[in-house]
Structure formats: C-alpha cells, structure tokens
Amino acid sequence: MAELQARGRFGISLGLERVERLLDELGRPERSLRGALVGGTNGKGSVVAMVRSVLQAAGLRVGTMPKPHLVSYRERIAVNGQPVSEERFATAISDVLPAIDRVAAAVGPPTEFEALTAAAMLELSRSSVDLVVVEVGLGGRLDATNVLDLGVAAITNVQHDHERYLGHTLAQIGTEKAGIIKRGDLAVTGAAGRGLAPIVERCTALDVPLRRAGPREAYRPVLRASGWDGLLMDLATPSGTLQGLHVGLLGGHQASNAAVALALVDAIRDDAARRGTPIAVDEASIREGLGMVRWPGRLELLDDRRLGPGRVLLDGAHNPAGARALVTALGELGLRGMPLVFGAMRGKRVHAILRSLSQVRPQLIFTAVDEPGARSPDELLAIWRSLGGDGGQTARDPRDALRMAPALVRDDEPILVAGSLYLVGAVRGMLTGEES
C-alpha cells in the first residue's frame, strides 16, 4: 500500500477517465462481472451485506468491495464476506502499479480510491465469483465504481451528505446518485420525496424498469419488533408476504434496508434469467441470509475487557439522517445517558448530528483520529456547548477516550462510539486486536 500511496493522489474520485484508462491497461477485467451496483446516502453497506448474505445462503460465491475499510485495506476486496488474503491483495496491487505509472504519464496520477477500485475489479474478476454486489463510494455519476455495468443498479435512499460535491438540494443529490443507472439495467430504489424524482426521470428516459421499496410500494416492510437480537419484520413482495423475517442487524431502520435488499435480490435473479444464467434463491435462503447477516461497525456490539471498556456499541452516524436512525435505534434498545465517544471529519454537518444525538442525553467524550480531515476535540466540544449541551470532555485520541469512558458507565449500558467511520475503525481495531 505504501507504494500505491506514493504513486497515487489521496482524495475522492470525481471523474471516470483515469479509472477507465487503468482498466484499459489491465484488459478491462470488470467486463466479466455481473451483479449489482448499489448507491445511496445511507444504508447501502447494509443492503450490500444483506444481499451478499442471502446470495451466499443460496450457494453462490459473491464478491464485494466494502468501503470505507475500517481496519485493513484488504477489507476493500472480499469474497463471501471475507477479505482476500494478504498475498492476493498484494498481487492485485502489484499488478495495478505499472498501469498507474502509464496512466499518470498520460492524464495525471489516479487517486488512491481509483487505484484500489481497479485492483478490486481485477482481483474479483479472477476469483471465480458468481456475482458481485458493489457499493458506490461517493455520489454515483462520477464515482470510480460507475465504470461497472453489472446489469442492476440500486439507490437505497437520498439524504443530505457530501453537499460540497453532490449539491445542496435532494433533487441535485438524487440526480448524482441516479447516474449509476444505465440503459439496459434493472433498477431498485427505496428513495422517497424530492430525491426520488430524478431516479424516476432517469429510469423513464432510459426505459429502465424500476422496483420500489417503501411503506406503500411493491416491497413493503412492516416492523414487528426491534431489540438486541436484531429485528422481526414482515415483508410484502409482488410474489407474496414473507412473515416473521428475522434480520440479524440492530436498529428498526434496517427493515427499510431489508425491503430494498429483497427487491435487489429479485432484480439480480431476473437479470441472471434474462442472460441465460439463472440462479435459484428460495425463501429458506432469504430467511437464513437475513438472519445471519453482519455488518461491522454499524450498530455492532463488541465486548472486550482487555482495554477495560467492557461492552462497546459502534456506529458511524456520520450524517444527520444516520444520527436520527441511531437515536431511534437507541430508544428501541432502551439506551439513554450512555457514555458517547464522538469524533467527526470536516465537511460533515456536525451541528445537526450532535443536535440529534442530544435527544438521548449522552455523556460525551470528544476525540479525533489521526487523519488530516479530523475536527479537533476542542472544536467539537465548542460546537456541543453552542447547542446548549451539558458537560462534555475531550480526549487526545481514541485510545485515551476509551480509557476515560468506563468511569461514566452508570448501570450496564455499553459505551457508544459514533460520528465517523474513521473513528469506528480505529476503535474496532483496538478492540479486536486488528489495528493497522
């Protein structure tokens, strides 16, 4: 990775030319891949995890490209939910490095994300996967993953995030996300309101069939219960209602994600059939896959006494919609007044995030990861105080914050870590012993 970082530029991808050139140099490995490209403001990682788990339960070998990684870069290339080996990851990176040099000479150096995207597509193309389910990085239209034409495109929802790049209205953001839908695709969305219109318009313009998930749509979730064991729900589909589905992820908002996931499974199945490579996904596979699904760092409960914190609940909650979903989930879990280790990156709507989290009256410890874009603990504390927040402490780094947090535990509630996936990744690495 050090050599890759030296060759490439850090930053996001906002154009496809460099990654297209990289893939040309590599012989266009992505053209052998079929499956789905999944975008959306929130929930896309959860939807990818659910779909992967269901397809795997049906006996299929599934490649994914999770992002961002939490602890190790190897997480960016996974087969059946497991990162590829160090050897295979290193080989993929080594194979891309000469192409990076040639592309850099022609059109400028690719970003790290573009290079990793090309390496992931190369590795998955030679990993004998049946399908890939790929999460978009940022937006959609100009994201490096949009070089993929997998047959199915999904947009989980459209909310405010990354406005600097995607626009300040839901219609603008929705337009950027709708850019992953291509002529000949089957499309799926759980979007509603002003962010939905651009998706419908693009599908209409390209004559793309659109499956919709939501309270009054063809894929309609009904939440029955939500707790520490996950959630229990019913799901109406065009072929009938699946009653008593257990989803292994925490938080009632995952019912909506499950509806999108099941619509996506149906679309993938239909796409495979029309290409003459049918796949079988029965109800038993759906139930097994949803029940077994796991998605690290998203309302994930860990218990590790080595560092002294005991139970730790990890969640990104890095935008206002994510923070609102977290607050609702905490209510479902009966949590209030718990210690909260919080960090955030610049460019995020921290005022709105903290305003939402204030509803559960957390005992806050502000900290920062060792990343250039991290807000300082003192800055975060000042924002909290400007909102009328009570108390609040600062810690120089996540490890220091974890040492301070146990003193704030009142009963047996877990310590919550939220606000940034960079922070979640750092803490998860400490607790699991996987620090990078």
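If R34 meets every condition in (1) more than 14 Å from the chain's Cα centre (by Cα); (2) under 19 Å from D149 (Cα atoms); (3) surrounded by 21 or more Cβ atoms within 10 Å (Cβ to Cβ) apart from one, which number is that one?
So the condition that R34 fails would be (3).
Working only within the stretch 364-399, note down all residues that are touching a Leu at 6+ places or on another chain (Cβ under 8 Å), part of a loop (DSSP other than H, G, I, E, B) and open to solvent by 50 Å² or more (accessible area, probe 1.4 Å).
Once the filter is applied, which keeps residues that are touching a Leu at 6+ places or on another chain (Cβ under 8 Å), part of a loop (DSSP other than H, G, I, E, B) and open to solvent by 50 Å² or more (accessible area, probe 1.4 Å), the stretch 364-399 yields only L387.
Check the stretch 292-301 and report whether any residue there is crowded, with 20+ Cβ neighbours inside 10 Å and more than 19 Å from V427 (Cβ to Cβ).
Yes, the conditions are met somewhere in the stretch 292-301.
Out of T189, T169, T204, which single residue is among the hydroxyl-bearing types (S, T, Y) and buried (at least 23 other Cβ atoms within 10 Å of the Cβ)?
Result: T189 is the single residue among T189, T169, T204 that is among the hydroxyl-bearing types (S, T, Y) and buried (at least 23 other Cβ atoms within 10 Å of the Cβ).
Mind telling me which of the residues G248, G230 ends up being touching a strand residue (DSSP E or B) at 6+ places or on another chain (Cβ under 8 Å) and closer than 24 Å to G35 by Cα?
Just a single option satisfies the conditions, and that option is G248.
For the stretch 410-436: of the residues being at pLDDT 95 or above and in a loop (DSSP other than H, G, I, E, B), which is nearest to W228 (Cα to Cα)?
Here the residue is P414.
How many residues does the stretch 51-63 contain that are of a type in the set (A, V, I, L, M, F, W, C) and either open to solvent by 20 Å² or more (accessible area, probe 1.4 Å) or more than 27 Å from G322 (Cβ to Cβ) (or both)?
Going through the stretch 51-63 one residue at a time, the tally reaches 3.
Mind checking which strands (runs of 3 or more DSSP E) fall wholly inside the stretch 259-352 and carry at least 2 residues that are under 25 Å from H160 (Cβ atoms)?
Ranges flagged: 310-314, 339-342.
Select, from D143, D130, the only residue that is surrounded by fewer than 21 Cβ atoms within 10 Å (Cβ to Cβ), touching a residue at least 60 places away in the same chain (Cβ under 8 Å) and of a type in the set (D, E).
Every option except D130 fails the conditions.
I'd like the full set of residues that are over 19 Å from F366 (Cβ atoms), among the small types (G, A, S) and open to solvent by 10 Å² or more (accessible area, probe 1.4 Å), limited to the stretch 408-436.
G433, S436
Can you report the number of residues in the stretch 243-258 which are open to solvent by less than 20 Å² (accessible area, probe 1.4 Å) and assigned to a strand (DSSP E or B)?
Matching residues across the stretch 243-258 total 2.
Residue under question is V48, and the condition is that it be touching a helix residue (DSSP H, G or I) at 6+ places or on another chain (Cβ under 8 Å), at pLDDT 95 or above, among the β-branched types (V, I, T) and open to solvent by less than 50 Å² (accessible area, probe 1.4 Å); does it hold?
No: the conditions fail for V48.
If you go through the stretch 310-333 one residue at a time, do you hit one that is over 23 Å from the mean Cα position of the chain (by Cα) and buried (at least 24 other Cβ atoms within 10 Å of the Cβ)?
For the stretch 310-333, residues over 23 Å from the mean Cα position of the chain (by Cα) and buried (at least 24 other Cβ atoms within 10 Å of the Cβ): absent.
Kindly indicate the residue of the stretch 344-363 that is farther than 21 Å from G388 by Cβ and either among the charged types (D, E, K, R) or at pLDDT 95 or above (or both) and also most open to solvent (accessible area, probe 1.4 Å) among those meeting that condition.
Per the criteria, the residue is R346.
The values are calculated or read from the model by the stated rules, or taken from the named source; none is laboratory data. None of the values given here were measured: they were computed from a predicted structure. With ideal geometry, Cβ positions are generated from the backbone for all residues, glycine too; neighbour counts draw on all protein chains shown. We work out accessible area using only protein heavy atoms, side chains counted, and drop any ligands, DNA or RNA first. Shrake-Rupley method; radii C 1.70, N 1.55, O 1.52, S 1.80 Å.
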